[in-house]
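The values are calculated or read from the model by the stated rules, or taken from the named source; none is laboratory data. This one's a predicted model, so the numbers in the text were calculated from it and none came from an experiment. A quick note on method: Cβ atoms are made from the backbone with ideal geometry, for glycine too, and the neighbour counts reach across all protein chains shown. When the accessible area is computed, the model is the full protein with side chains, heavy atoms only, and any ligands, DNA or RNA have been set aside. Shrake-Rupley method; radii C 1.70, N 1.55, O 1.52, S 1.80 Å.
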Amino acid sequence: MTEGKSELVSVYIHGIYKGKIKADTETIAHIVAGALPYENYAIVKGFNKLVLTTFGNFLNNVPDQEWLKRELLPILIPLQMGQEDIKKVTYQ
């Protein structure tokens, strides 16, 4: 997912809109890693392009498998393994 710095994606928890975050891979990884076990996220670009969904802090559906393998997992795995600190992400 190659995004411009000012581009945003929408975040939904259990289908309820929560706000927008930066569309960069690191911010998305911190959202996923920081999710509580009962929070199911959907991150959407534009009006209808699914970026990913989660069950708690586990990935459920990631349509762009190349982005997942090349960019997201190398950031997400150390966060989930406790090797790096999870940053709090603020919504815009």
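Among the residues of region 28-59, just one is open to solvent by 60 Å² or more (accessible area, probe 1.4 Å), of a type outside the set (Phe, Trp, Tyr) and either in a strand (DSSP E or B) or within 15 Å of residue 72 (Cα to Cα) (or both), namely 49. For first residues located in region 79-92 and open to solvent by 100 Å² or more (accessible area, probe 1.4 Å), partners that are of a type in the set (D, E, K, R) and lie 6+ apart or on another chain with Cβ distances below 7 Å form the pairs 92/20. Among the criteria (1) of a type outside the set (S, T, N, Q); (2) open to solvent by less than 50 Å² (accessible area, probe 1.4 Å); (3) out of contact with any Lys or Arg (no Cβ under 7 Å at 6 or more places or on another chain); (4) modelled with pLDDT of 95 or more, the one residue 11 does not fulfil is (3).
As for region 71-90, it holds no residue that is in a strand (DSSP E or B) and among the hydroxyl-bearing types (Ser, Thr, Tyr). Within region 51-87, being modelled with pLDDT under 95 and touching a Gly at 6+ places or on another chain (Cβ under 9 Å) holds for one residue alone: 57.
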